[in-house]
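Undergrad: Below: one structure in structure tokens.
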Amino acid sequence: FGYNGQLPQIMRGAGIERWAQVRAQAMRSPNGEPWAVNTFRDTTDKVIRDRELAEQQKRLELALAAGAMGVFEWRLTDRRVVWSPEIERMHSIPVGSFDGTFEAYQRDIHPEDRSHVTATMQKTLEDCGGHELTYRIIRPDGEVRWLQTYAHLVCDDAGAPLRLIGVCRDVTDQRAAELNAARA
């Protein structure tokens, strides 16, 4: 018999809540009598950090939903691009169908915007900085949409780029409203 798990909580003096991980191992003494070895490790700090991280994650999810934004990550070490389901919907592709290649990301960019997008990305890589970028995509059905991204490049201590992280939102309606206002 053995046990390895998180105790729900341990109260220690003055009502202070503490969390612990306990490990118990049943054993037998040389004369055959049962006994157990128990170890306790205080995990309160980890439990608190995990709770705070979960709350931060929930706040981020709410902010992204309120802003109708998706998140992306371009992992330069393995050349993979990760899109949230919201970005796949912006591109009008089935959720889970984006193949994660940089080439697939570039395929949807409007031909007239590709050089601007490429130059902006190159400058971001060179400066180990960030960018705001507005460009058009062409959806599989031929519809043209405007996207706006805010991105930040994460670099290692030596300045080598590791990954580009950011958010993206569809600004097509905003662009149309601005164009109509300019015509009026």
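The values are calculated or read from the model by the stated rules, or taken from the named source; none is laboratory data. Because the structure is a prediction, the values reported are computed rather than measured. Note: ideal-geometry Cβ built from the backbone for every residue, glycine included; neighbour counts use all protein chains shown. The area values use the complete protein model at the heavy-atom level, side chains included, leaving out ligands, DNA and RNA. Shrake-Rupley method; radii C 1.70, N 1.55, O 1.52, S 1.80 Å.
Undergrad: To the nearest 500 deg cm²/dmol, what mean residue ellipticity at 222 nm is calculated for the chain from DSSP H runs of n ≥ 4 alone, each contributing -39,500 (n - 2.57), summed and divided by the residues? Don't skip to the answer; put the middle values down first.
TA: Numbers: 5 runs with 61 residues, N = 184.
Calculated from helices alone, the mean residue ellipticity at 222 nm is -10500 deg cm²/dmol.
Undergrad: Looking at the chain as a GNM with Cα springs under 10 Å, which of Ala54, Ala65, Ala20 has the largest mean-square fluctuation?
TA: Among Ala54, Ala65, Ala20, the largest mean-square fluctuation in the Gaussian network model of the chain belongs to Ala20.
Undergrad: Also: Which loop trypsin sites (Lys or Arg not before Pro) in segment 60-139, with loop taken from DSSP, have no more than 14 other Cβ atoms within 10 angstrom of their Cβ?
TA: Numbers: sites: Arg75, Arg79, Arg80, Arg89, Arg107, Arg114, Lys123, Arg136; in loops: Arg79.
Loop-located and lightly packed - Arg79.
Undergrad: Where the convex hull is taken over the Cα atoms of the chain, what is its projected area averaged over directions, in nm²?
TA: 19.5
Undergrad: Can you check how the C-alpha radius of gyration of segment 103-184 compares to 2.2 N^0.38 Å, as a plain ratio?
TA: Numbers: Rg = 14.8 Å, N = 82, 2.2 N^0.38 = 11.7 Å.
Compared with the compact-globule rule of thumb, segment 103-184 sits at 1.26.
Undergrad: Evaluate the distance, in nm, between pseudo-label points positioned 7 Å from the Cα of Phe40 and of Arg107 along their respective Cα→Cβ axes.
TA: Output for this residue pair reads 5.8 nm.
Undergrad: Could you please state how large a percent of the accessible area of the chain is carbon and sulfur, counting protein chains only and using a 1.4 Å probe?
TA: Numbers: 6550 of 12000 Å².
Heavy-atom surface of the chain belonging to carbon and sulfur, 1.4 Å probe: 55 percent.
Undergrad: Output the relative contact order of the chain, whole-number percent, from Cα pairs under 8 angstrom with separation of 6+ residues.
TA: Numbers: 285 pairs, mean separation 27.2, N = 184.
Averaging sequence separation for qualifying contacts and normalising by length gives 15 percent for the chain.
Undergrad: Next up: Please identify every one of the GluC sites (Glu not before Pro) in segment 102-184 that sits in a loop by DSSP and has no more than 12 other beta carbons within 10 Å of its own beta carbon. Display every interim value, and only then the final one.
TA: Details: sites: Glu103, Glu112, Glu126, Glu132, Glu143, Glu178; in loops: Glu112, Glu143.
Answer by residue number: Glu112, Glu143.
Undergrad: Can you give the Rg/Rh ratio of segment 48-92, where Rg is from the C-alpha atoms and Rh is the Kirkwood radius?
TA: Working: Rg = 13.2 Å, Rh = 12.1 Å.
Rg/Rh for segment 48-92 comes to 1.09.
Undergrad: With axes computed from alpha carbons, what is the tilt in degrees of helix 114-127 against the longest principal axis of the chain, rounded to the nearest 10 within 0 to 90?
TA: Roughly 50 degrees between the two axes.
Undergrad: Next question, about the same structure. For segment 19-108, which chymotrypsin sites (Phe, Trp or Tyr not before Pro) are both in a DSSP coil and crowded by at most 11 other Cβ atoms within 10 Å? Display every interim value, and only then the final one.
TA: Details: sites: Trp19, Trp35, Phe40, Phe72, Trp74, Trp83, Phe98, Phe102, Tyr105; in loops: Phe98.
Within segment 19-108, no chymotrypsin sites (Phe, Trp or Tyr not before Pro) qualify (loop, at most 11 other Cβ atoms within 10 Å).
Undergrad: Taking only protein heavy atoms into account and a 1.4 Å probe, give the accessible area per residue of the chain in Å². Kindly include the intermediate steps, with their values, before the conclusion.
TA: On the way: 12000 Å² over 184 residues.
Here the residues of the chain average 65 Å² of exposed surface.
Undergrad: Taking the Cα atoms only, what angle lies between the long axis of helix 172-183 and the longest principal axis of the chain, rounded to 10 degrees?
TA: 30
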